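Remarks on the structure that follows.
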Amino acid sequence: MVIEDLIITPIAFADPPLLNVWGTHEPTALRVVLQLATDEGIVGLGEAPGGASRVERLMQIREHVVGLSVFDLGRIEAVVHSALAGVGVRERLAAYAPLEVACLDAQGKALALPVSDLLGGRVRDRVEYSAYLFYKWAGHDGDSDEWGEALDADGLVAEAHTLISEYGFRSLKLKGGVFDPATEIDHVAQLHDAFPEFPLRLDPNCAWSVETSIKSARRLDGMLEYLEDPTPGIEGMAAVQASSPLPLATNMCVTAFDDLPQAIDRRAIQIVLGDHHAWGGMRRVAQLGRICETWRLGLAMHSNSHLGISLAAMTHLASVTPALTFACDTHYPWNAAEDLVRPGALVFEGGAVAVPAAPGLGVELVESKLAELHERYLSRKSHLRSDAAYRRTREPGFNPTVPRW
Ligand code: GKR
Ligand code: MG
């Protein structure tokens, strides 16, 4: 089955004003959808983080993959590396990742097998996700959205109740790095009191110095299952881990296989957050699982703002990865209303998504929604994400530099 065309559609979809260390999410988030058309009339789907440079790189590989078999993943990957020889290997792997997803989707549709079977078979039929709590403004443009404001512990607890009642989540993650550490630790303590049975995580995205991270980790001991990326760099994380009673996790200092030897040697982390979009595809993250088992590292899953094609891929991948024993991150509830896959294939029950059994990823694209989100992309003034500039519309002096405390 040969690739006849790779249709690349950049999209923008509504996103609430979620706060992080770099600023605030803009009114729309950027993503890109791939449709891999084959000579058998089968179309494979892929989804990746968006933005002008990522879209440009996908455009660059387009003509080189036409004519290749969707089963020839090794050759497709080699072609991506040579077409993008001018950029770094991590950018090349990120460009290959959604292409691999689209090829696996097409393969599964041709063979009438779910992607989880193509990846070696499920070790679990349902994949657990964690409620992803964010500090947030009430709404964009001074309005209030359905979620309302969450800038204190009461707001976070209310947000957690909404996410739990709608999705059934059984664990919580707070995106930190927004307020000073003492304030965020107090909010974590209040979340812990409100949900004592729920495993809880905090991710300040490198907002803290080594010294602050050590002090904070000691204060957070007993409240968190892990602390994610308190401070920048493998050496910084190693210094924190050496004195921290809490296991440290990362999706920032270990983002490729090349980072693992130093991180393992320096005992910098105990948990890796894999992400097939960044690591170069689903097969690579499944391999990462084996490496984590070998080195007694935990494995969890990272997420950015995303829609249903990515959720389907994450769910298939998690279902075949024995080492992935933590509930996965997902931004999905924040963007679910904008999804471009037909409803019904991906349903959250008890915080988990049943692995689709239909061929391929098991999701179907709603073409009219794709067209609508593409129009939204075209009407955006900029095709770059800028959380910092958006934060400055309300906090003119905001400076996104890390570490901040
Ligand atoms: O979307 O605000 C966000 C997140 O902060 C995201 O950018 C991070 O990549 O969620 C991610 C993380 O775990 O670091
Ligand atoms: Mg993180």
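The values are calculated or read from the model by the stated rules, or taken from the named source; none is laboratory data. Keep in mind that what you see is a predicted model, and the values were worked out from it rather than measured. Please note: Cβ atoms are built from the backbone with ideal geometry, for glycine as well, and neighbour counts cover all protein chains shown. Ligands, DNA and RNA are stripped out before the accessible areas are found, and what is left, the full protein with its side chains, is counted by its heavy atoms. Shrake-Rupley method; radii C 1.70, N 1.55, O 1.52, S 1.80 Å.
Do we find that Pro232 is touching a residue at least 24 places away in the same chain (Cβ under 8 Å), open to solvent by 30 Å² or more (accessible area, probe 1.4 Å) and outside any helix (DSSP H, G or I) in this structure?
Judged against the criteria, Pro232 is a match.
Could you run through the range 348-365 and say how many residues are assigned to a loop (DSSP other than H, G, I, E, B), within 22 Å of the chain's Cα centre (by Cα) and surrounded by fewer than 19 Cβ atoms within 10 Å (Cβ to Cβ)?
2
Considering only residues of the range 175-184 that are open to solvent by 10 Å² or more (accessible area, probe 1.4 Å) and over 27 Å from Glu349 (Cα atoms), which is nearest to ligand 2 (Cβ to nearest atom)?
Of everything passing the filter in the range 175-184, Val178 is nearest to ligand 2 (Cβ to nearest atom).
Which pairs turn up if I take residues in the range 289-308 that are within 23 Å of Tyr332 (Cα to Cα) and look for partners that are among the aromatic types (Phe, Trp, Tyr) and near ligand 1 (Cβ under 10 Å from one of its atoms) with beta carbon separation below 9 Å, at least 6 apart in sequence or on another chain?
Every condition considered, the pairs that remain are Ser303/Tyr132; Ser305/Trp334.
Looking at the range 35-53, which of its residues are under 20 Å from Arg380 (Cβ atoms) and either within 16 Å of ligand 1 (Cβ to nearest atom) or in a strand (DSSP E or B) (or both)?
Hits for the range 35-53 are Glu47, Ala48, Pro49, Gly50, Gly51.
Take Val127 and tell me if it is in a helix (DSSP H, G or I), touching a His at 6+ places or on another chain (Cβ under 9 Å) and hydrophobic (A, V, I, L, M, F, W, C).
Here the answer is no, as Val127 does not meet what is asked.
Hey, any hits in the range 49-65 for a residue that's touching a Ser or Thr at 6+ places or on another chain (Cβ under 6 Å), under 30 Å from Ala150 (Cβ atoms) and of a type in the set (D, E, K, R)?
no
When Arg296 is evaluated against the numbered criteria (1) open to solvent by 10 Å² or more (accessible area, probe 1.4 Å); (2) in contact with a Gly (Cβ under 9 Å, 6 or more places away or on another chain); (3) more than 30 Å from Pro27 (Cβ to Cβ), which criterion, by number, is the only one it fails?
(2)
Answer yes or no as to whether Val127 is within 20 Å of the chain's Cα centre (by Cα), within 22 Å of Gly44 (Cα to Cα) and surrounded by 22 or more Cβ atoms within 10 Å (Cβ to Cβ).
Criteria not met by Val127.
Quick one: in the range 265-277, of everything that is open to solvent by less than 40 Å² (accessible area, probe 1.4 Å) and out of contact with any helix residue (DSSP H, G or I) (no Cβ under 8 Å at 6 or more places or on another chain), which residue is nearest to Ala239 (Cα to Cα)?
Ranking the qualifying residues of the range 265-277, first place goes to Ile271.
State the number of residues belonging to the range 20-44 that are over 16 Å from the mean Cα position of the chain (by Cα), open to solvent by less than 10 Å² (accessible area, probe 1.4 Å) and of a type outside the set (S, T, N, Q).
Of the residues in that region, 5 qualify.
Among the residues of the range 139-174, which ones are in a loop (DSSP other than H, G, I, E, B), open to solvent by less than 50 Å² (accessible area, probe 1.4 Å) and touching a residue at least 40 places away in the same chain (Cβ under 8 Å)?
Gly139, Asp145, Gly168, Phe169, Ser171 - these are the residues of the range 139-174 that are in a loop (DSSP other than H, G, I, E, B), open to solvent by less than 50 Å² (accessible area, probe 1.4 Å) and touching a residue at least 40 places away in the same chain (Cβ under 8 Å).
From the list Thr212, Thr255, which one is farther than 20 Å from Lys136 by Cβ, within 16 Å of ligand 1 (Cβ to nearest atom) and either modelled with pLDDT of 95 or more or open to solvent by less than 40 Å² (accessible area, probe 1.4 Å) (or both)?
Thr255 is the lone residue from the list that is farther than 20 Å from Lys136 by Cβ, within 16 Å of ligand 1 (Cβ to nearest atom) and either modelled with pLDDT of 95 or more or open to solvent by less than 40 Å² (accessible area, probe 1.4 Å) (or both).
Give the range 53-99 a look and list any residue that's open to solvent by less than 50 Å² (accessible area, probe 1.4 Å) and among the acidic types (Asp, Glu), or say none.
Within the range 53-99, just Glu77 meets the criteria.
Consider only pairs whose beta carbons are under 7 Å apart and that are at least six residues apart or on different chains; among these, list those whose first residue lies in the range 382-395 and is open to solvent by less than 80 Å² (accessible area, probe 1.4 Å) and whose second residue is β-branched (Val, Ile, Thr) and not in a loop (DSSP other than H, G, I, E, B).
As it stands, the answer is Asp387/Thr24; Tyr390/Thr24; Arg391/Thr24, since those pairs meet every condition given.
Quick check on this structure: which one of Val115, Val127 is touching a Gly at 6+ places or on another chain (Cβ under 8 Å), of a type in the set (Val, Ile, Thr) and farther than 21 Å from Pro17 by Cα?
Selected residue: Val115, the only one of Val115, Val127 that is touching a Gly at 6+ places or on another chain (Cβ under 8 Å), of a type in the set (Val, Ile, Thr) and farther than 21 Å from Pro17 by Cα.
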